[in-house]
Amino acid sequence: MIYEDGAKWTEAKQKKALLFAMSGLGKTYISSMLRHRGNWFHYSIDYRIGTRYMGEHIVDNFKKAAMAVPFLAELLRSDSISMSSNITFENLAPLSTYLGKPGDVSKGGIPFDDYCNRQAQHHAAERAALLDTPHFIERASDLYGYDNFICDSGGSICEVVDPWDAADPILTALSENLLMIWIAGSEDHTAELVRRFDLAPKPMCYQPEFLMTCWSDYQRETGVQPDKVNPDDFIRWTYARAMAHRQPRYAQMAKWGITLQANDVQNLKTPQDFEALVAETLDHRAAAPRSNGGED
C-alpha cells in the first residue's frame, strides 16, 4: 500500500484514496463532505462513465424516445431543439435509466438482448473510467492545485476486477496510486438496503455470468416467458442475490487496502474525522499479520 501506517498517511502532503462499497453505505456522502469541507478533489466513477463514456448512448436514448412523438421528431430533424443529460454527482438517474431493466416492454422493460448490450457498454466504460484515475490524480494537482484526491467508485467495481488475481491490471493501477478503502456494512445494513431497493428498484450493472444465471433461474422458478417478465420483479429478485454475490468479492478487494465499518463512516462529520479514522485503521492493520492483495 502507498501508506504503510497512520503516520505515513497523516504526514502525506497528498492524501489519495478510493472508496468502494455497495451503493448506499456512504461513498458519495464522504466524497461530497471532503469536496465541500476540505481540500479534496472528488472523482466520481459513475459521473465519468455517464459523461465521457456513455453520454452519447444516454442522449441517443432520449432522442429515440422523442422521435416517437411527431412534434418533437420534426424539431429534432431540423435541429430546432437539442437534448442533453443533466447528470451530476448526486443525480445519476440518466445513467441508470439508460441501463434499464429487462422484461415486458409494456411494463417499462427492454428486450434482454438490448439489456445485455447496455450492460457490456457499462462494463467497458467502468473499466476505462477506473483506469483514468491516475490521470485525474495528476490533473487535480497540476491543473486545479488540489492536494488531496478521493475516488468515489461505483457499487459495481467488484464486477469488473478479479480481486483474487495479484496481477489484476485495474486493482494494480489503483492500489499503486491510492489507498483502497472498503466501507463494510453489517447484516442490518444489508436488510435496510434490500428494503430501500424493494420500495424503489433501480437498474444495476451485473457480471455477465451472474446475470445470465439469474435470468435463467428466474424464468425457471416463475415459469414466465422472457418477454413477459415483470422488470421490477426481476430486478428485486436479483438484487438480494447480487448482495450475496458481491460480498466475497468486496472482502477480497479489501485485502488490497483497509476496511472501515459503515457505522463509523456514517458518524464522520469533518474531513479531519475521516483522516483520523483512516490513520487509526492503518495503524491497526500495520500491527496485525497481513497478506498480499490477490495472493490469498
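The values are calculated or read from the model by the stated rules, or taken from the named source; none is laboratory data. Quick caveat: nothing in here was measured; it's all calculated off a predicted structure. Here the Cβ positions follow ideal geometry from the backbone for every residue, glycine too, while neighbour counts run over all protein chains shown. What goes into the accessible areas is simple: the full protein's heavy atoms, side chains included, and nothing from ligands, DNA or RNA. Shrake-Rupley method; radii C 1.70, N 1.55, O 1.52, S 1.80 Å.
For the stretch 156-182, the set of residues classified as among the small types (Gly, Ala, Ser) and in a helix (DSSP H, G or I) consists of ALA173, SER175, listed by residue number.
Residues of the stretch 16-32 being open to solvent by less than 20 Å² (accessible area, probe 1.4 Å), under 23 Å from ASP283 (Cβ atoms) and at pLDDT 95 or above, which ones? Residues satisfying the conditions are ALA17, LEU18, LEU19, PHE20, ILE30. Taking the criterion of being part of a loop (DSSP other than H, G, I, E, B) and either open to solvent by less than 60 Å² (accessible area, probe 1.4 Å) or among the β-branched types (Val, Ile, Thr) (or both), would at least one residue in the stretch 64-75 satisfy it? There is at least one residue in the stretch 64-75 that is part of a loop (DSSP other than H, G, I, E, B) and either open to solvent by less than 60 Å² (accessible area, probe 1.4 Å) or among the β-branched types (Val, Ile, Thr) (or both).
Comparison of LEU260, LEU268 shows that the only residue that is on the phi < 0 side of the Ramachandran plot, under 18 Å from the mean Cα position of the chain (by Cα), surrounded by 18 or more Cβ atoms within 10 Å (Cβ to Cβ) and not in a helix (DSSP H, G or I) is LEU260. The residues of the stretch 79-113 that are out of contact with any helix residue (DSSP H, G or I) (no Cβ under 9 Å at 6 or more places or on another chain) and farther than 18 Å from SER44 by Cα, listed by number, are ASP79, SER106, ASP113. Given the criteria of a type in the set (Ser, Thr, Tyr) and more than 30 Å from ASP227 (Cα to Cα), does TYR146 qualify? When the stated conditions are applied, TYR146 passes them.
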